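The values are calculated or read from the model by the stated rules, or taken from the named source; none is laboratory data. Here the structure is a predicted model, which is why all the values come from computation and not from measurement. Using ideal geometry, Cβ is built from the backbone for each residue, glycine included, and neighbour counts are taken over all protein chains shown. Just so you know, the surface numbers come from the protein's heavy atoms only, side chains and all, with ligands and any DNA or RNA stripped out. Shrake-Rupley method; radii C 1.70, N 1.55, O 1.52, S 1.80 Å.
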Amino acid sequence: NLSACSSKLAFMHPMWQEPLAIPGGDRQSPIDIVVRKSVFDPQLRPLKVQYDPRTCQQIWNNGYSFLVEYDDTTDKSTVKGGPLEDQFRLCQFHFHWGENNAWGSEHSIDRRLFPAELHLVHWNSDKYSLFEEAVIEENGLAVIAVFLKIGKRHEGLQKLVDALPAVRHKDSLVEFTKFDPSCLLPENIDDYWTYAGSLTTPPLTEAVTWIVMKRHIEVSHDQLAVFRSLLFTSAEEQVQRSMVNNFRVQQAVKGRTVRSSFT
Ligand SMILES: O=C1NC(=O)[C@@H](c2ccccc2)S1
Ligand SMILES: [Zn+2]
């Protein structure tokens, strides 16, 4: 029973062609965050994150990333505050990473890329009743992004890393429970940038309030190497392709303002 938040939204082929024109297309993601152009907004409140590990259900390889999916039928795992006017429900988290440690993140800070980027995907449960409804609305989604750096081993991540060989191929799924994703957040979640953007995979809808953490987390080289052992391809395909570089090219800022919660 794949939760709605990602099963229906087909991630097209990992190297899917960028559509020539996206409807509107003036608030696409990801972007480079130019720190000196960001604007401090004292009205940005602290983020309130409340995750219940009992809502964790499964991990699956959708042929573009691996998704850790949560039961989003009740308001048990939520984010509110910060730039958000409403309460948003966690439906899944996933990562984007590179073939080496020089790149892999979708966003960058003054052009600095990170080896990987975590996305915690939430939808506006005050206004909508399903992820699919929210995904086409301009205030439908909130994604918390956290950069990963190579350093010491991340103890909380290891439970997830140990489960990855079971979802090596596209369309494989394994039960995965009692995982609290707050262990993947940096200690300080009060310092972030926020801007109006889009999904970074099809349907690329301009529905996302992005919350990009200033502080990164550290994972070990070996832990990230296990991400790279995943495959884009299903077990049946004769040519296997490593799941790496699953990030979108950066998009034009087009006059948008990136606000910061800190000076
Ligand atoms: O933050 C994002 N990362 C992705 O792969 C995009 C996505 C697309 C559909 C569902 C969930 C996430 S949007
Ligand atoms: Zn993502």
Check your understanding: Filtering the range 105-133 down to residues that are among the small types (Gly, Ala, Ser) and either more than 20 Å from residue 193 (Cα to Cα) or touching a helix residue (DSSP H, G or I) at 6+ places or on another chain (Cβ under 9 Å) (or both), which residue is farthest from ligand 2 (Cβ to nearest atom)?
Key -> 129
Review point. Which residue out of 153, 168 is among the basic types (Lys, Arg), away from ligand 2 (no atom under 16 Å from the Cβ) and surrounded by 15 or more Cβ atoms within 10 Å (Cβ to Cβ)?
Key: 168
Review point. Right, residue 157: under 23 Å from residue 100 (Cβ atoms) and hydrophobic (A, V, I, L, M, F, W, C) or not?
Key: yes
Practice item. Tell me, please, whether a residue that is under 26 Å from residue 101 (Cα atoms), under 15 Å from the mean Cα position of the chain (by Cα) and not acidic (Asp, Glu) can be found in the range 230-239. Key: no
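For the range 191-207, indicate whether the set of residues that are over 17 Å from the mean Cα position of the chain (by Cα) and away from ligand 2 (no atom under 16 Å from the Cβ) is non-empty.
Yes, the range 191-207 contains a residue that is over 17 Å from the mean Cα position of the chain (by Cα) and away from ligand 2 (no atom under 16 Å from the Cβ).
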Practice item. Would you confirm whether any residue within the range 143-154 is more than 28 Å from residue 35 (Cα to Cα) and assigned to a loop (DSSP other than H, G, I, E, B)? Key: yes
Review point. Just checking, which of 239, 253 is surrounded by fewer than 20 Cβ atoms within 10 Å (Cβ to Cβ) and without any contact (Cβ under 8 Å) to a residue 12 or more places away in the chain?
Key: 239
Exercise for review: Return the only residue of 121, 68, 79, 49 being under 18 Å from residue 185 (Cα atoms), open to solvent by 20 Å² or more (accessible area, probe 1.4 Å) and among the β-branched types (Val, Ile, Thr).
Suggested key: 49
**Study point:** Residues within the range 133-148 that are exposed (fewer than 15 other Cβ atoms within 10 Å of the Cβ) and not aliphatic (A, V, I, L, M), tallied
**Key:** 2
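Residue check: is residue 179 within 16 Å of ligand 2 (Cβ to nearest atom), of a type in the set (Phe, Trp, Tyr) and at negative phi?
So residue 179 does not fit the description; no.
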Review point. For residues in the range 174-204 being over 25 Å from residue 261 (Cα atoms) and within 16 Å of ligand 1 (Cβ to nearest atom), which is surrounded by the fewest Cβ atoms within 10 Å (Cβ to Cβ)?
Key: 203
